[in-house]
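Peer 1: Sharing a structure here in structure tokens format.
The values are calculated or read from the model by the stated rules, or taken from the named source; none is laboratory data. Small disclaimer: the values here were computed from a predicted structure and weren't measured. Reconstructed Cβ throughout: ideal geometry from the backbone, glycine too, with neighbour counts over all protein chains shown.
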Amino acid sequence: MSNLFEHSTIEVLIAAKLDGTITLEELLKHGNYGLGTFTGLDGEVIILDNDVYQVDQTGTVNHITDMSTTLPFASVHTPSINEQPLKLAKADFTLLNQAFATEKNLKNVFAAIKLHGTFNAVKVRVAPKQEKPYPSLLAVTKNQPIFDTKDVTGTIIGYYAPELFGNVTAAGWHLHFLSDDHQFGGHLLSFVGTDLEGSFEVFDGLEQHFPISDPEFRNHEIDLTTLKAAIEESEGFQD
Ligand SMILES: [Zn+2]
């Protein structure tokens, strides 16, 4: 059994419901690797072996140790016996979307990937912190800080979600990056890496957790006619 744990849905971010609905303390009970964002879309969260990092809108990486910090959306997992070692001589989004996705037969499954090594080029975005009344994720990402760097050693962590679930999470790859020296990171828009090593696993279960005590979550209207396109536009990569 290998589970991906998802707290809330990415739809809540599109619907501008950006208040945190789970604490880090609770989230880490469900996985020690993962990604997400904090209340008000306050940066990009990367969780590596229970260490929680936030890249804020200035590009600064902060080590978060206050376990009462809350997140409106997050995905985590604990590596299981299904995890396989992975080596990629050269990788970018094109490889992950095409040859890799075909070889691993990802079409209808959720999967996790971790890749460490030296990256020739990395481009990330960082969601800037919002104040109430919150705008939607889509509006925020139209004006988001973008950072890029070259020749950086670091880790990619993230997930693949099947098209079928594209209304509740970002279909395809959703990857975050953190450099080893903790000077650079964010939500991955494009990358080129060589001699990468890491791991990969396909999940046979999805634990979808809902913030049922949040009245906004319970009461808000979901616009299904525009949802999928809004998720793709706000969470997509660039190459
Ligand atoms: Zn992200």
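Peer 1: Might you let me know whether the range 80-102 holds any residue that is closer than 20 Å to PHE191 by Cβ, among the aromatic types (Phe, Trp, Tyr) and part of a strand (DSSP E or B)?
Peer 2: No, every residue in the range 80-102 fails to be closer than 20 Å to PHE191 by Cβ, among the aromatic types (Phe, Trp, Tyr) and part of a strand (DSSP E or B).
Peer 1: Here is a further query. Pick from the range 173-201 the residues that are among the polar types (S, T, N, Q) and in contact with an Asp or Glu (Cβ under 6 Å, 6 or more places away or on another chain): which of them is nearest to the ligand (Cβ to nearest atom)?
Peer 2: Let us first name the residues in the range 173-201 that are among the polar types (S, T, N, Q), namely 179, 183, 190, 194, 199.
When the remaining residues are screened for being in contact with an Asp or Glu (Cβ under 6 Å, 6 or more places away or on another chain), the result is 190, 199.
On the way: SER190: 14, SER199: 20 Å.
Restricting to residues being among the polar types (S, T, N, Q) and in contact with an Asp or Glu (Cβ under 6 Å, 6 or more places away or on another chain), the top hit is SER190.
Peer 1: Which of (1) among the charged types (D, E, K, R); (2) within 16 Å of the ligand (Cβ to nearest atom); (3) not in a loop (DSSP other than H, G, I, E, B) is the odd one out, the single condition ASP151 does not satisfy?
Peer 2: It is condition (2) that ASP151 fails.
Peer 1: Still on this structure, I have one more. For the range 222-239, indicate whether the set of residues that are of a type in the set (Lys, Arg) and touching a strand residue (DSSP E or B) at 6+ places or on another chain (Cβ under 6 Å) is non-empty. Before you say what the answer is, go through the steps one by one.
Peer 2: Residues of the range 222-239 that are of a type in the set (Lys, Arg), as a first pass: 228.
Cutting the leftovers down to touching a strand residue (DSSP E or B) at 6+ places or on another chain (Cβ under 6 Å) gives us none.
The answer is no, given that none of the residues of the range 222-239 is of a type in the set (Lys, Arg) and touching a strand residue (DSSP E or B) at 6+ places or on another chain (Cβ under 6 Å).
Peer 1: Further, regarding this structure: Just for the range 209-239: of the residues that are under 16 Å from LYS17 (Cβ atoms) and among the small types (Gly, Ala, Ser), which one is surrounded by the most Cβ atoms within 10 Å (Cβ to Cβ)?
Peer 2: Checked the range 209-239; the qualifying residue surrounded by the most Cβ atoms within 10 Å (Cβ to Cβ) is SER234.
Peer 1: Being at negative phi, at pLDDT 95 or above and in contact with a Gly (Cβ under 7 Å, 6 or more places away or on another chain): is that true of LEU71 here?
Peer 2: Values: at negative phi: yes; at pLDDT 95 or above: yes; in contact with a Gly (Cβ under 7 Å, 6 or more places away or on another chain): yes.
Yes, satisfied.
Peer 1: Residue under question is GLN183, and the condition is that it be in contact (Cβ under 8 Å) with a residue 24 or more places away in the chain, within 22 Å of LEU4 (Cβ to Cβ) and surrounded by fewer than 18 Cβ atoms within 10 Å (Cβ to Cβ); does it hold? If you could, list the steps in order and put the result at the bottom.
Peer 2: Details: in contact (Cβ under 8 Å) with a residue 24 or more places away in the chain: yes; within 22 Å of LEU4 (Cβ to Cβ): no; surrounded by fewer than 18 Cβ atoms within 10 Å (Cβ to Cβ): yes.
Against the criterion (in contact (Cβ under 8 Å) with a residue 24 or more places away in the chain, within 22 Å of LEU4 (Cβ to Cβ) and surrounded by fewer than 18 Cβ atoms within 10 Å (Cβ to Cβ)), GLN183 does not qualify.
Peer 1: What are the pairs, 6+ residues apart or on separate chains, where a residue within the range 213-239 that is among the hydroxyl-bearing types (Ser, Thr, Tyr) has its Cβ under 9 Å from a residue that is away from the ligand (no atom under 16 Å from the Cβ) and modelled with pLDDT of 95 or more?
Peer 2: SER213/THR21
Peer 1: Let me ask another. Looking only at the range 14-52, count how many residues are over 12 Å from PRO72 (Cα atoms), more than 14 Å from the chain's Cα centre (by Cα) and not in a loop (DSSP other than H, G, I, E, B).
Peer 2: Final tally of qualifying residues: 3.
Peer 1: If you don't mind, there's one more thing I want to ask. Looking at (1) under 26 Å from THR141 (Cα atoms); (2) out of contact with any Gly (no Cβ under 7 Å at 6 or more places or on another chain); (3) surrounded by 18 or more Cβ atoms within 10 Å (Cβ to Cβ), can you tell me which one PHE100 breaks?
Peer 2: Evaluating PHE100 over (1) under 26 Å from THR141 (Cα atoms); (2) out of contact with any Gly (no Cβ under 7 Å at 6 or more places or on another chain); (3) surrounded by 18 or more Cβ atoms within 10 Å (Cβ to Cβ) leaves (1) as the failure.
Peer 1: Let me ask another. Going through the range 32-62 one residue at a time, which ones are more than 12 Å from the ligand (Cβ to nearest atom), touching a His at 6+ places or on another chain (Cβ under 7 Å) and of a type in the set (A, V, I, L, M, F, W, C)?
Peer 2: VAL61
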